[in-house]
Amino acid sequence: MRAFLLIGPPGAGKGTQARRLVEKYNWGYLATGDLLREEIRKGTPLGTSIQALVENGKLVPDELIIQLVESHLKNGRDYLLDGFPRTVAQAEALDTLLQQKNAYLGGALFLQVPEDVLLQRLSTRAQIEGRADDTAETIQTRLREYHQKTAPLLSYYKAKNKLYEIAGLGSIEEVGERIEKVVETLLRDA
Ligand code: AMP
């Protein structure tokens, strides 16, 4: 089992690109944001406990996320992880988890998008999808959380020679092709 990570600020296009990749490479797909929204929708104890955090754009505590990922990762196939890890503690937990499963990290794909474009995309998405965490105030919180807690992952994966930065500007197809180029080299070298 290999895990490929898709990391980037909110609005970078992770979900859109993840769907393309998973279909093309037949990977398992695990998006922690989707899993959390599902728990909230179903009103489970986990969902109820994290609803306010998610809706206000705050990160959910590491232990909860790590448990959630552990319980969903099945051995025997490659995975694309979308929106996980988002903190260095989560990245360390993922390293341990992969080791335990005799699996390894294929690569951390970072989608880079300038802040003004992120803001524009998020406000458009707010109008189209009506996500509870796409309001103007929440968007600011999510970006702040990203800069404080998730951006340090860039140096974490760089130090491990696992960082692949991809320009996230352009059409869905253009960005998709850039990502696929990187993935093809990773798969060839594996
Ligand atoms: P996303 O759909 O990936 O944008 O995630 C939506 C929200 O779910 C985030 O703003 C966080 O509140 C929560 N969330 C998703 N993934 C994580 C994670 N790896 N760590 C902490 N919180 C997360």
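The values are calculated or read from the model by the stated rules, or taken from the named source; none is laboratory data. Note that this is a predicted model, so its numbers are computed, not measured. Virtual Cβ from ideal backbone geometry, glycine too; neighbours counted across all protein chains shown. When the accessible area is computed, the model is the full protein with side chains, heavy atoms only, and any ligands, DNA or RNA have been set aside. Shrake-Rupley method; radii C 1.70, N 1.55, O 1.52, S 1.80 Å.
The selection criterion, being open to solvent by less than 10 Å² (accessible area, probe 1.4 Å) and within 10 Å of the ligand (Cβ to nearest atom), holds for I7. Within this structure, Y25 fails the test of being under 12 Å from the mean Cα position of the chain (by Cα) and open to solvent by 20 Å² or more (accessible area, probe 1.4 Å). Regarding segment 150-159, can at least one residue be identified that is within 13 Å of the ligand (Cβ to nearest atom), within 17 Å of the chain's Cα centre (by Cα) and not in a helix (DSSP H, G or I)? No, segment 150-159 contains no residue that is within 13 Å of the ligand (Cβ to nearest atom), within 17 Å of the chain's Cα centre (by Cα) and not in a helix (DSSP H, G or I). Look through segment 70-93, keep the residues that are of a type in the set (A, V, I, L, M, F, W, C) and within 13 Å of the chain's Cα centre (by Cα), and return whichever of them is nearest to E145 (Cα to Cα). My answer is F84. From the list Y104, Y79, the one residue that fits, being among the aromatic types (F, W, Y), under 22 Å from Y157 (Cβ atoms) and open to solvent by 20 Å² or more (accessible area, probe 1.4 Å), is Y104. The lone criterion from (1) open to solvent by 60 Å² or more (accessible area, probe 1.4 Å); (2) assigned to a helix (DSSP H, G or I); (3) not small (G, A, S) left unmet by L98 is number (1). Criterion applied to Y104, Y146, Y156, Y164 was being in contact with a Pro (Cβ under 6 Å, 6 or more places away or on another chain) and not small (G, A, S), and the one residue passing it is Y146.
For segment 28-85, a residue qualifies if it is part of a helix (DSSP H, G or I), more than 13 Å from the ligand (Cβ to nearest atom) and not charged (D, E, K, R), and the qualifying residues are P45, T48, S71. When segment 148-190 is filtered for residues that are open to solvent by 70 Å² or more (accessible area, probe 1.4 Å) and in contact (Cβ under 8 Å) with a residue 60 or more places away in the chain, the ones remaining, listed by number, are K149, I172, A190. Of the residues in segment 13-27, how many are at pLDDT 95 or above, small (G, A, S) and assigned to a loop (DSSP other than H, G, I, E, B)? The qualifying residues number 0.
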